[in-house]
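Read the structure below first, then the notes.
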Amino acid sequence: MTAALAEKHGTDAPAADDTPRRPPTRRTKRERAFDDVPRWQIYVPLGLYLIFTLIPFYWMLLFAFRPAGSTSLVPWPMTLDHFSKVWNERSFGIFFQNSMIVGVATLVATTLVALSGGYALARFDFRIKKGFMLGLLCSQFIPGALMLVPLFEIFKNLQLINSLGSVIIAETVFQLPLSIILISGFIKNVPVSLEEAAWVDGCGRFRAFCAVVLPLLRPGLIAVGSFAFVHSWNHFLFALMFLSEQDKQTIPVGLNTLIGADSVDLGALAAGGVVAAVPVVIVFAFIQKWLVTGFSAGAVKG
Amino acid sequence: MTKFSKSLGSAVALTAVLALTATACGDDGSGSGDEGKGKGTITFWDNNGGPRTAVWTEIIKDFEKKNPDIKVKYVPIPIADVQSKYDTAISGGGLPDVGGVGTAYLANIVAQNALEPVGDRIAKSALNGKLVEATVASVKVAGGKGDEMYSVPTSVNNGTLWYRTDLFTAAGLEAPSTWAKFYTAAEKLTDAKNNKFGFTIRGGAGSVAPALDAAYGQSGITDFWNGDKTTVNDPKNAAALGKYVGLFKKTTPSADLNNDFTKMVAQWDTGTIGMLSHNLGSYQDHEKALKGKFAGIPNPIGDGGTRVQVSNPVDGLGLFKASKNKAAAWKFIEFAASHAENSKWNESAGAIPANTEAAKDSWITEAEPTKLAAAALTDGSTKVVQLPYYLPDWNSISKADNEPEFQKLLLGKVTAQAFLDKIAKELNAAQAEWKQQNKS
């Protein structure tokens with residue numbers, strides 16, 4: 001049998017082998033059907049899809065690195081002039097820093113509050129629980145633009161206009177409903193008996209939560225945190241409306257100022273786009289595995 | 001009723017009540033403000049933040065040098081969102097002392113009672129008699145409050161037909177100075193198989209005003225209103241527009257259907273398209289991409305021998321009523337609209353100055369498209385059809401409400417007459433409503 005397999009695969013495996021082997025796992029019918037498909041039928045469509053997805057990014061990189069006025073389809077000779085312009089002349093260094101502050105603070109605030117809210121929804125029964133959950137869902141139907149004026153009034157009264165705090169609070173508030181629902185789904189998946197065991201061992205509720213539940217929530221926390229970060233990083237409206245000082249503005253607002261009334265500097269716009277995309281790409285590159293797990297698990301097991 | 005339905009009902013009701021309550025708050029931004037002591041810090045919102053940041057920084061530096069007691073806080077606002085930024089600030093507070101205000105949305109801000117009338121201040125200032133009469137008239141009309149002015153004009157743009165001189169020379173064509181020459185050139189320069197086109201038409205955002213420009217330009221109709229009814233759907237305009245949109249896909253790229261000015265200009269600057277109808281604002285972009293290979297002229301002359309074009313928005317500076325330091329704010333406006341600074345700003349923007357002395361400066365004669373545009377506006381050779389910027393509904397009628405209709409027109413799903421009839425119906429209603437509101 002082993003010899004036959006070796007012959008089939010063209011390997012030099014010995015005909016007899018004394019070392020104990022694990023029995024081959026049974027492959028499902030679906031997996032066997034997948035093996036029968038020629039590889040090109042899988043890779044060609046995937047390759048085409050990848051090219052289709054990457055073309056806009058290539059276009060952005062092309063304009064960002066190509067000298068102004070060039071019509072070449074490759075970014076050569078390469079220039080960093082556009083990056084220098086957006087970073088130094090158009091204050092993207094400051095915008096980047098502000099966006100990072102907003103993104104990280106929103107991530108932290110959203111995750112912490114969503115953890116508390118999600119735990120309460122998952123572990124406690126109270127009279128208006130269903131109504132509360134529905135309220136959270138309904139809040140998703142309210143567009144941010146509708147809340148602009150009231151939020152503006154509130155932040156003005158709190159002396160928070162022209163402060164990054166206003167954007168962080170607004171972003172957190174808009175992220176929370178979905179985040180709470182997701183985290184609540186995750187916590188429900190952690191058996192209460194695990195926590196009870198910790199209580200028996202002398203832990204209080206908070207310590208049991210930190211020691212037992214929290215480590216199991218990693219995919220959910222990463223999903224919620226990254227979603228909060230990326231959303232606040234890209235969000236334009238609140239930053240535009242609540243911040244009226246140049247050195248407080250964020251990357252999305254800065255990007256929009258590169259489009260003038262009658263002219264647009266495409267090189268600078270593309271370079272600004274690259275600067276804006278880099279953190280998001282890095283975040284997704286590191287967390288994509290947990291992100292997919294996190295969203296699917298939190299979403300379906302409520 | 002089940003428990004679930006009750007909860008759902010309560011939640012929806014609560015959401016609706018919260019949303020409605022929340023949106024009901026706010027003030028109207030019409031606080032009377034204060035003259036102040038003429039010193040301190042003032043805030044200035046640039047309505048075309050980004051592209052004009054460098055020149056404004058320079059002007060502010062000049063101003064602060066001359067007025068050491070006044071500091072100007074500069075805030076660049078992206079042009080696409082300036083109206084919503086003003087609207088939010090009018091509703092919630094936080095308006096600047098001075099703001100860039102174009103005639104395209106001046107009426108909207110005036111209607112919300114947020115701007116200070118500036119006619120008297122101009123009359124008592126060094127700007128008296130130094131503003132180009134056509135821009136003053138445009139600002140008065142756009143404000144919609146009779147002879148009162150609600151912004152100090154600083155700059156005017158003009159529709160320009162940009163064309164590739166290298167392609168025209170190679171094809172043995174004359175400059176497209178008349179509509180007949182324009183159509184001939186569009187056809188002769190098209191070689192669709194080799195991705196060469198004679199013209200690029202604006203089919204995406206901002207498509208309606210250029211379409212009206214082409215319609216009035218060819219029909220020769222010079223008035224927008226005939227009594228209380230608009231002339232926009234005059235059969236002559238419909239025929240002219242039908243001919244113009246007939247170019248779509250024949251002598252233009254099919255991608256034009258969704259092109260806003262950004263894509264249209266980028267397409268023209270990087271491709272082999274013979275002509276582009278835009279305004280003076282894209283001059284610098286063409287200079288960078290096509291230096292020495294292009295020229296810009298005002299709209300073509302019609303069969304009647306006269307150039308007719310629709311009015312272009314006039315940019316200006318507004319003094320906000322809620323300002324607590326109007327004296328200092330006015331000093332800044334006066335300074336920015338003065339000869340030297342207005343000239344500096346317009347040279348940077350490639351636009352036509354609203355200051356009469358700045359309009360005579362040498363840089364204008366050196367920039368051929370600007371010179372021709374300035375001449376067209378001042379030498380009496382051009383009839384300008386005044387678009388009704390004063391109507392608060394003008395922006396929605398000329399943009400969101402009818403841009404999808406224009407795409408249908410390009411695709412042949414509606415006729416030019418039907419398209420213009422729809423616009424005319426909306427305009428006539430808006431005009432009647434505006435007249436009713438301004439009866440007193």
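The table for this structure:
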item: Under the Karplus curve 6.51 cos²θ - 1.76 cosθ + 1.60, θ = phi - 60°, whole-Hz ³J(HN,Hα) for segment A:115-123, x wherever Gly or Pro sits; result: 4, 5, x, x, 5, 4, 5, 7, 9
item: When segment A:209-289 is reduced to its Cα atoms, the Kirkwood hydrodynamic radius in Å; result: 15.0
item: Candidates A:T53, A:T28, A:T71: whichever shows maximal mean-square fluctuation once chain A is modelled as a Gaussian network with Cα springs under 10 Å; result: A:T28
item: Peptide B:85-97 - average C-beta neighbours from other chains (10 Å radius); result: 4
item: Cα-based convex hull, segment B:119-190, per residue volume (Å³, whole number); result: 136
item: The protein assembly as shown - mean residue ellipticity at 222 nm from DSSP helices (-39,500 (n - 2.57) per run, n ≥ 4, rounded to 500); result: -17000 deg cm²/dmol
item: Shielding of A:237-248 by partner chains, average beta-carbon count, 10 Å; result: 4
item: Over segment A:41-199: Kirkwood hydrodynamic radius from C-alpha pairwise inverse distances, Å; result: 20.5
item: Distant-in-sequence amide H partners of B:I301 (H built 1.01 Å from N, under 5 Å); result: B:T178, B:W179
item: Radius ratio Rg over Rh of segment B:311-432, counting only Cα atoms, Kirkwood formula for Rh; result: 1.09
item: Cα coordinate range in the protein assembly as shown, projected on the principal axes (Å, largest first); result: 101, 69, 59
item: Cα-derived Rg to Rh of chain A, Kirkwood definition; result: 1.10
item: Cut-off under 5 Å, modelled amide H: who pairs with B:K73 long-range; result: B:I42, B:T43, B:F44
item: Euclidean distance of C-alpha centroids, segment B:312-382 and segment A:165-212, integer Å; result: 60
item: Ellipsoid semi-axes in whole angstrom, largest first, where each is sqrt(5λ) of the Cα gyration tensor of segment B:92-246; result: 39, 19, 16
item: Unsatisfied cross-links (Cα-Cα over 21 Å) in the set B:K73/B:K324; B:K188/B:K288; B:K408/B:K435; result: B:K188/B:K288; B:K408/B:K435
item: Whole-number Å³ per residue for the convex hull built on Cα positions in segment A:81-174; result: 138
item: Set B:K243/B:K425; A:K248/B:K140; B:K130/B:K229; B:K250/B:K425; B:K229/B:K321; B:K236/B:K263 screened for pairs whose C-alpha atoms are more than 25 Å apart; result: A:K248/B:K140; B:K130/B:K229; B:K250/B:K425; B:K229/B:K321; B:K236/B:K263
item: Straight-distance crosslink candidates among lysines, where the alpha carbon sits under 23 Å from A:K130 and sequence neighbours closer than 8 are dropped; result: A:K188, A:K301, B:K3, B:K6
item: Amide proton proximity set for B:A205, modelled H, under 5 Å, gap of 5+; result: B:D260
item: More than 11 Å apart - percent of Cα-Cα pairs taken over segment B:113-155; result: 63
item: Unit charges on C-beta of K, R, D, E only; dipole of the protein assembly as shown, Debye; result: 2020
item: For chain A, size of Cβ-based charge dipole, Lys and Arg +1, Asp and Glu -1, in debye; result: 1000
item: Helical segments meeting 27 Å axial Cα length and Kyte-Doolittle -1.0 threshold in chain B (DSSP H); result: B:3-24, B:416-437
item: Taking chain B and dividing mean pair separation by its residue count, relative contact order in percent (alpha carbons under 8 Å, at least six apart); result: 25
item: Of B:P369, B:N194, B:A211, farthest towards positive along the dipole that unit charges on Lys, Arg, Asp, Glu beta carbons give chain B; result: B:N194
item: Other protein chain Cβ atoms within 10 Å, averaged over every residue that makes up A:152-162; result: 3
item: Sequence-distant aspartates and glutamates (8 or more away, or on other chains) whose Cα lies within less than 15 Å of B:K422; result: B:D234, B:D393, B:D401, B:E403, B:E405
item: Cα gyration tensor category, rounded, prolate or oblate, for chain B with a/c compared to 1.5; result: oblate
item: Euclidean distance of C-alpha centroids, segment B:248-267 and segment A:109-158, integer Å; result: 44
item: Farthest positive-ward along segment A:156-222 dipole, Cα basis, beta-carbon charges - from A:Q175, A:V212, A:N162; result: A:N162
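Where a number appears in this text, it was derived from the coordinates with a stated rule and is not lab data. Nothing here was measured: the structure is a model prediction, and the numbers come from that model. Positions of Cβ are generated from backbone atoms using ideal geometry, with glycine treated the same way; all protein chains shown enter the neighbour counts.
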